[in-house]
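What follows is one structure encoded as structure tokens, with my remarks underneath.
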Amino acid sequence: MNKADPILTFEAVHKRYGSVMALDGVNLSIRRGEVVCLIGPSGSGKSTLLRCANALDVLDSGRIVFEGNEVRSSEATVRHVRRRMGMVFQNFELFPHLTVLRNVTIGPTTVLGMRRAAAEGRAMALLSKVGLSEKAAVYPSALSGGQQQRVAIARALAMEPALMLFDEPTSALDPETIGEVLSVMKVLADEGMTMLVVTHEMDFARRVADHVAVFDKGRVIEEGSPKEVFENAMVPRTRDFLSHLGWHGETTIPTAASTREVS
Amino acid sequence: MDVNLQPIIDSWPFLAKALGTTLYVSVASMVLGFMIGVAVGVLRTYGGRVLYVLLGFYVDTMRAIPLLVVLVWTFFAFPLLIGRSIDAVTAGIAGLGIHLGAYVAETIRAGLTSVRRNQMQAALALGMSRFQAIRTIILPQALVRMLPALGSLLVIAIKDSAIASVIAVPELLRQTQIVAGKTFRPFELYTAAMLVYFLLCYPVARAVDRLYRRVAHLGSS
């Protein structure tokens, strides 16, 4: 398959919660190897879009196509899609009754039917990748938020997904632990993982994203490269949103020195 | 009032066997009650509208009928329905277990409902089926969270086995009555029986409490 082919496309996706139009005709596509960041005010539908991508939420109309399959076309497709998409939640959602190691192996053993020993080998490699191999035997309650989120990333990676969904992965973290999670995500991005990231971390979006989409009121109001969006926003609402974050557009392109902070 | 412990010493093997029956009936009815309770609790929580209503009928029925009546009916009326008699121990275990199951079911249902919705979503996002998610993620957490309530039910199961004395299950209270009647020493025998029930149940309650304090974090998502 061509690297430039979209791995995931949203076509005219609509989703309504009662009287609230959460998604109001979203069109978006993510190519293989690309990091796409969704930014925008809270309640603008970014998380809903992510949750529709792996069918945790059901859309009202429109189509979501992942690796050529329409998500939601059948129960089997939904489970296939979920196996191929990793998801990281705002509140980590580690399984509290399982050790860190078992949190990472339970996907492969339960869903892929992998042998426990093989799954543990894979899990230990992933835990050292996120810097937590020495925590394999402890329970999640003994970890800080940042550590829990890194385990959650390892848990998703254990399924060897083709695409990773991140739903505000640092919003529930203490400021001092945000960096360690963003660093892990940066490593993944550098390794070529395809990522769709809902985030309020504008620095991360600016430095790591290949493509940024700005959400407002259930629609993508602007998209483009980070440079285009952050420095030359065409849509007034985007400029308004960015200015409320204390971002005024005059900052220059990141230097090598500032990039090192997250890597 | 003089106290004479001789009747207890004389009939010790008889009473020890009765205690064994009490333990057997308690454990067996507990196992039966838990199997019914987990199944009914899970099906009422996740099984959809029809199962919710149908199994709700079972739960409400059992909670509305005194255990004594359930036991008497199981032993004296049910055999007429099926056309053959059943022995007292079997009837006792069945009656106690089916009655207990309703309470376990409601406890399990409360536990399942209390686990954060996002835990189910995290399990589904890994590609698990709903059944796999319930079995490996939600139910274990619900059991941990409901441990104190389930512990109370365990103690109640032991205590309620005494009610099975009315259908002549040869458990501790029933056999104590027999010895008390033969020896005319009700004070010593019933006091002893009371003490034994206490010594049986109190450590169980304490142990469940201690266990819960050690494992509570495993259920806190």
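Bear in mind these aren't lab numbers, they're just calculated from the coordinates by the rules spelled out. This is a predicted model, so every value here is computed, not measured. Reconstructed Cβ throughout: ideal geometry from the backbone, glycine too, with neighbour counts over all protein chains shown.
In terms of overall dimensions, the C-alpha atoms belonging to the stretch A:6-262 reach 54, 47, 31 Å along their principal axes, ordered largest to smallest.
At 0.36 nm per residue, minus the direct Cα-Cα distance, what do B:Thr90 and B:Thr183 gain on full extension? Give it in nm, one decimal, please. Each step should come with its number before you reach the end.
Numbers: separation 93, 0.36 × 93 = 33.48 nm, distance 2.94 nm.
Going from the current span to full extension adds 30.5 nm.
So if each residue of separation counts as 0.36 nm, and I subtract the Cα-Cα distance between B:Val155 and B:Asp60, what length gain in nm does that give?
Working: separation 95, 0.36 × 95 = 34.20 nm, distance 2.17 nm.
That works out to 32.0 nm of additional length.
Each of A:Arg237 and B:Trp73 was given a label point 7 Å from its Cα along the Cα-to-Cβ line. The distance between the two points is 6.3 nm. Pairs of Cα atoms nearer than 8 Å and 6+ residues apart set the relative contact order; for chain A it is 24 percent.
Please report the net charge: other residues with Cβ closer than 14 Å to the Cβ of A:Asn69, K and R +1, D and E -1. Spelling it out: positives minus negatives among the neighbours equals +1.
Once you have a ≥ b ≥ c as the square roots of the Cα gyration tensor eigenvalues for the stretch B:1-103, tell me rounded if a/c is under 1.5, and otherwise prolate or oblate according to whether a/b is larger than b/c. Before the final figure, lay out the partial values.
Numbers: a/c = 2.84, a/b = 2.12, b/c = 1.34.
It comes out prolate by the Cα gyration axes.
Take the Cα of B:Leu5, step 7 Å toward its Cβ, do the same at A:Arg115, and the gap between the two points is 6.1 nm. Of the three principal axes defined by the Cα atoms of the protein assembly as shown, the extents in descending order read 100, 46, 42 Å. The lysines whose alpha-carbon is closer than 26 Å to the alpha-carbon of B:Lys182, local same-chain residues fewer than 8 away aside, are B:Lys17, B:Lys159. What is the sum of charges around A:Met21, taking Lys and Arg as +1, Asp and Glu as -1, for the other residues whose C-beta is under 11 Å from the C-beta of A:Met21? Surrounding charge for A:Met21 is +2. To the nearest 0.05, how large is the calculated FRET efficiency for A:Ser29 and B:Arg130 if R₀ is 35 Å and r is the Cβ-Cβ distance? Efficiency for this residue pair is about 0.70. Here the spin labels are modelled as points 7 Å beyond Cα on the Cα-Cβ line, and at A:Ser61 and B:Ala16 they lie 8.0 nm apart.
What average number of partner chain Cβ atoms lie no more than 10 Å from the Cβ of the residues making up B:117-123? Could you put the intermediate results ahead of the total?
Working: counts 1, 6, 6, 2, 7, 13, 7.
That average works out to 6.
Can you tell me how chain B classifies by the Cα gyration tensor, rounded, prolate or oblate, using a/c under 1.5 as the rounded cut? Cα axes put chain B in the oblate bin.
As a footprinting exposure proxy, order A:Tyr17, B:Tyr103 by other Cβ within 10 Å, with the fewest listed first.
Details: A:Tyr17 12, B:Tyr103 20.
So the residues, fewest neighbours to most, are A:Tyr17, B:Tyr103.
Of the residues A:Thr110, B:Thr61, the one with the fewest other Cβ atoms within 10 Å heads the list, and the complete ranking is B:Thr61, A:Thr110.
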